[in-house]
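Just below is one structure, and these are the notes that go with it.
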Amino acid sequence: MAQELATQGGRNMTQTNGADTTVEHMFTPAVDIFEKDDTTVILADMPGVASDDVDITLERQVLTLIGRVKNHAPEGYRRLSAEYREGGYTRTFTLSDAVDQDKIKADFKHGTLRLELPRAAEAKPKKITVKAA
Amino acid sequence: MLHTLFDPFGASHPFIDMRRIQRDMNRLLDGVGTSRHSSTYPPVNFWAGEDSIVMTAELPGLGEDDIELTVQDTMISLRGEFKDQDIDEDVSWHRRERPKGKFFRTVELPFRIDAEHVDARFENGVLTVEMQRPEDEKPKRISIKS
């Protein structure tokens with residue numbers, strides 16, 4: 001239903017703001033993918049990303065999720081210790097053409113993206129009755 | 001949550017997947033027996049200010065009410081649970097990578113915290129806790145006479 005395209009791993013994206021160049025690390029968000037009735041649901045964790053900074057693109061069958069983060073240092077504070085790294089998120093999936101692309105629903109709450117991909121009507125299994133000869 | 005820290009050979013390097021498996025195994029074994037207490041989930045970052053300290057933790061998918069935060073003397077504790085909302089019997093899974101179940105973590109700080117002046121915010125799945133030192137324990141500047 002949702003085949004993954006890119007291999008796992010981080011990527012670095014260079015951003016130039018004025019004099020200093022900061023490297024924004026792009027992580028692979030953890031996802032849950034399940035099918036319920038006629039809908040495939042993708043849940044992707046993107047903590048630290050505001051809902052306006054989530055980019056979902058669907059080009060042909062390729063679904064790309066991108067989440068960008070703003071500066072995460074609390075104002076007036078310096079970094080003391082870090083157990084996790086902050087950064088953006090990106091992950092790409094290939095959808096089967098059975099998804100009704102016009103009815104995709106996206107919702108972003110508490111750092112988790114929820115995508116609902118309903119199955120297209122023509123892709124639903126049809127029962128074919130066999131007539132007796 | 002799938003944070004690959006160092007990626008010198010590009011995204012297609014096989015060790016990335018190996019590290020991922022290793023971490024998944026660690027997470028799996030973390031829930032075995034009584035190891036809950038030594039659990040290090042969630043990972044936390046610390047930021048230092050003048051007389052205050054900020055702790056941040058990523059807890060995506062949780063609501064404000066799902067997180068219990070307690071502060072006592074030098075200890076700060078985080079407790080919570082990831083609840084499955086849509087999970088009923090007729091769901092067929094393709095991938096399950098997001099964190100599950102309960103967590104409890106206690107971190108000891110280098111100084112006492114004024115429990116009356118703790119400011120906790122939860123925004124976009126990131127918990128930010130700002131803690132102050134008690135007024136009478138802040139370091140005092142002493143002027144030296146010539």
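Couple of notes before you dig in:
- Applying both filters, DSSP loop and at most 11 other Cβ atoms within 10 Å, to the trypsin sites (Lys or Arg not before Pro) of region A:78-133 gives A:Lys126, A:Lys127, A:Lys131.
- Take the accessible area of B alone and of A alone, subtract that of the pair with a 1.4 Å probe, and the total buried over both chains is about 4200 Å².
- FRET E, pair A:Ala120, B:Asp65, Förster distance 41 Å, beta-carbon r, rounded to 0.05: 0.60
- In region B:99-146, burial by the other protein chains removes 50 Å² or more of 1.4 Å probe accessible surface, compared with the chain on its own, from B:Asn124.
- Overall form of region A:22-133 per C-alpha gyration tensor (a/c, 1.5; a/b vs b/c): prolate
- Applying the Karplus relation 6.51 cos²θ - 1.76 cosθ + 1.60 with θ = phi - 60° to region B:122-130 yields 3J(HN,Hα) values of 10, 9, 6, x, 10, 8, 10, 10, 9 Hz, where x marks Gly and Pro.
- Phi angles of region B:66-74 translate, via the Karplus equation with coefficients 6.51, -1.76, 1.60 and θ = phi - 60°, into HN-Hα couplings of 8, 10, 10, 10, 10, 10, 9, 6, 9 Hz per residue; Gly and Pro are given as x.
- In sequence order, calculated HN-Hα J values of region A:105-114 (Karplus, 6.51, -1.76, 1.60; Hz; x Gly/Pro): 10, 10, 9, 10, 8, 6, x, 10, 8, 10
- The alpha carbons of region B:42-137 give a radius of gyration and a Dmax of 16.1, 59 Å, in that order.
- Under 5 Å from the amide H of A:Glu4 lie the amide H atoms of A:Thr94, each residue being 5 or more positions distant or on a separate chain, with H modelled from the backbone and absent for Pro and chain starts.
- Proximal aspartates and glutamates to A:Lys126, defined as alpha-carbon separation beneath 16 angstrom and excluding residues fewer than eight positions away on the same chain: A:Asp37, A:Asp38
- Those trypsin sites (Lys or Arg not before Pro) in region B:105-144 that DSSP places in a loop and that have at most 12 other beta carbons within 10 Å: B:Lys140, B:Arg141
- Annotation: amide H of B:Arg98 within the under-5 Å range of A:Val31, A:Asp32, sequence separation 5 or more or interchain, hydrogens built in the peptide plane.
- Residues whose amide H falls under 5 Å from that of A:Ala73, counting only those 5 or more places apart or on a different chain, are absent, with hydrogens built in the peptide plane.
The values are calculated or read from the model by the stated rules, or taken from the named source; none is laboratory data. All of these numbers come straight from a predicted model, not from anything done at the bench. In this analysis, Cβ positions are derived from the backbone assuming ideal geometry, glycine residues included, and neighbour counts consider all displayed protein chains. Remember, those area values only see protein heavy atoms, side chains included, never the ligands or the DNA or RNA. Shrake-Rupley method; radii C 1.70, N 1.55, O 1.52, S 1.80 Å.
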